[in-house]
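Contents: one structure, followed by commentary.
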Amino acid sequence: MAVRRLAEVQPDSFDFTPENMVWVGKQVAKYPPGREASAVIALLRRAQGQHDGWLPQKAIERVGTILNMPYIRVLEIATFYSMFNLAPVGRFFIQMCGTTPCLLAGSDGIKSVLEQRVGPQGQVSSDGLFSWMEVECLGACCNAPMVQINDLYFEDLTPANFSHLLDELAAGRAVRRGSQTGRMNSEPAGGLTALTSFFGEHPPEPASRNKPYLPGPEDGTQPLSLIPPAPEPAEPALTFTQVEAQ
Ligand code: FES
């Protein structure tokens, strides 16, 4: 297990924005008096979202003050869970699953792309766009290998389609989340093999799956979300299948 330490370079201060303080108050109010500490994960997540995707020491202290928790208790939580970043991350923070099913399906190839394209694990690329870390199973083994970028999953990766995905993100173009080979959810790669008389061999995708996702302007509360206020893209996004057919 990796050693998780606070970043050496820290900001001098941190406080929630007025909007986030309103949100914090609502979270704390969910719990009975004396149990406010139950909101600690939610508050740390909010603080991380406000602070460009990582938690500085001052934010951890601030959460402890709000929840009347000793600093060391909040620090224990922030350093235990890998969903909390303790040092700056890229605008697109990539969590690459390296657990056995993904490894057997080729995650080492995805890792090589990251090392060549982004650099060593834990470092932000020189353009500030990308950083990555290897994580344990993210629960999408049926569509291995996969990565999580900010809040979204990208699955059925190959070195080629993953490189293309990074290119599209770097260019600010729409990308398609989920499977990068076009299959729906975790159905068999060759199409349905059961209940085909019910659904047909290739049931239509839900509309939500067809919608492309643009790296959108951040709203200050979830700066790493790829889910945009999504206006219609200037150009319709192509699936990788379409791109490869051109
Ligand atoms: S092993 Fe990679 S998502 Fe489960």
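The values are calculated or read from the model by the stated rules, or taken from the named source; none is laboratory data. Just so it is clear, the model here is predicted, and its values are computed rather than measured. As a convention, Cβ positions derive from the backbone with ideal geometry for all residues, glycine included, and neighbour counts pool all protein chains shown.
Against the numbered list (1) surrounded by fewer than 19 Cβ atoms within 10 Å (Cβ to Cβ); (2) in contact (Cβ under 8 Å) with a residue 60 or more places away in the chain; (3) under 17 Å from Cys142 (Cβ atoms), His164 comes up short only at (3).
Just wondering, is there one or more residues in segment 85-100 that are modelled with pLDDT of 95 or more, more than 16 Å from the ligand (Cβ to nearest atom) and of a type in the set (Ser, Thr, Tyr)? No, every residue in segment 85-100 fails to be modelled with pLDDT of 95 or more, more than 16 Å from the ligand (Cβ to nearest atom) and of a type in the set (Ser, Thr, Tyr).
From the list Asp156, Asp151, the lone residue that is of a type in the set (D, E, K, R), within 16 Å of the ligand (Cβ to nearest atom) and either modelled with pLDDT of 95 or more or on the phi > 0 side of the Ramachandran plot (or both) is Asp156.
Examine segment 57-70 for a residue that is closer than 30 Å to Asp156 by Cβ and surrounded by 16 or more Cβ atoms within 10 Å (Cβ to Cβ), and state whether such a residue exists. Break it down stepwise before answering.
Taking segment 57-70 as the starting set, the residues that turn out to be closer than 30 Å to Asp156 by Cβ are none.
Scanning segment 57-70, I find no residue that is closer than 30 Å to Asp156 by Cβ and surrounded by 16 or more Cβ atoms within 10 Å (Cβ to Cβ), so the answer is no.
The lone criterion from (1) within 22 Å of Val3 (Cα to Cα); (2) modelled with pLDDT of 95 or more; (3) more than 16 Å from the ligand (Cβ to nearest atom) left unmet by Gln116 is number (1).
State all residues of segment 120-137 that are closer than 19 Å to Leu165 by Cα and either of a type in the set (S, T, N, Q) or crowded, with 16+ Cβ neighbours inside 10 Å (or both); if no residue qualifies, say none. Matches in segment 120-137: Gln121, Val124, Ser125, Ser126, Leu129, Phe130, Ser131, Trp132, Met133, Glu134.
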